[in-house]
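Comments concern the structure below.
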Amino acid sequence: MSVFAIIDTNVLVSAMMKPQSVPGQVVKESLNGQIIPVVNWEIMDEYKKVLRRLKFGFDPRDVSVLLKELEKRAVYCDASTIEDLMPDPKDIVFYAVTMEKRQDQEAYLVTGNIKHFPEKPFVVTPREMLAILTEGK
């Protein structure tokens, strides 16, 4: 069973910092097909900008490989207009793409900053996403 998921940038950062972590497992599942990443161009741009920040010190080749692999596996989706208030305007695109994808498929928003989004059953932590994958097997 594959699951559609919009992956917040903080999950990718955590995965790059600690590949064996729970966020690292979520990214691995995105690369092996258990999770189908859902993005739009704005999300991909955010991934590129954030993962290339010098403060993280990620190897540019590793970042490039991860982004290329995600792009190959991703489903592109427009962002819908949303009414919900969000504390960080940069997070709106992740929620908006989630809401658009949910119009035709079950999809989850995976984030390490759960408080940045409306409290909904489809807004999940990386650990919850792994549990959803396990339940579906």
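The values are calculated or read from the model by the stated rules, or taken from the named source; none is laboratory data. Every value quoted in this text rests on a predicted model; they were computed, and no experiment measured them. Here the Cβ is made from the backbone with ideal geometry for all residues, glycine too, and neighbour counts use every protein chain on show. Accessible surface is based on the protein model in full, side chains and every heavy atom, while ligands, DNA and RNA are left aside. Shrake-Rupley method; radii C 1.70, N 1.55, O 1.52, S 1.80 Å.
How many of the residues making up the range 32-53 are open to solvent by 10 Å² or more (accessible area, probe 1.4 Å), in a helix (DSSP H, G or I) and not β-branched (Val, Ile, Thr)? So the answer is 7.
Taken together, GLU71, GLU29 contain a single residue that is in a helix (DSSP H, G or I) and crowded, with 19+ Cβ neighbours inside 10 Å, which is GLU29. Considering the conditions (1) assigned to a helix (DSSP H, G or I); (2) open to solvent by less than 20 Å² (accessible area, probe 1.4 Å), LEU109 is excluded by exactly one of them, (1). Residue count for the range 114-125, restricted to those that are assigned to a loop (DSSP other than H, G, I, E, B) and either open to solvent by less than 10 Å² (accessible area, probe 1.4 Å) or within 11 Å of ILE7 (Cα to Cα) (or both): 1. Residues in the range 1-26 that are open to solvent by 30 Å² or more (accessible area, probe 1.4 Å), outside any helix (DSSP H, G or I), within 16 Å of LEU109 (Cα to Cα) and at pLDDT 95 or above: PHE4 only.
Number of residues in the range 80-101 that are open to solvent by 50 Å² or more (accessible area, probe 1.4 Å) and part of a loop (DSSP other than H, G, I, E, B): the value is 5. Considering every residue within the range 84-92, establish whether at least one is modelled with pLDDT of 90 or more, of a type in the set (Val, Ile, Thr) and under 22 Å from GLY24 (Cα atoms). No, the range 84-92 contains no residue that is modelled with pLDDT of 90 or more, of a type in the set (Val, Ile, Thr) and under 22 Å from GLY24 (Cα atoms).
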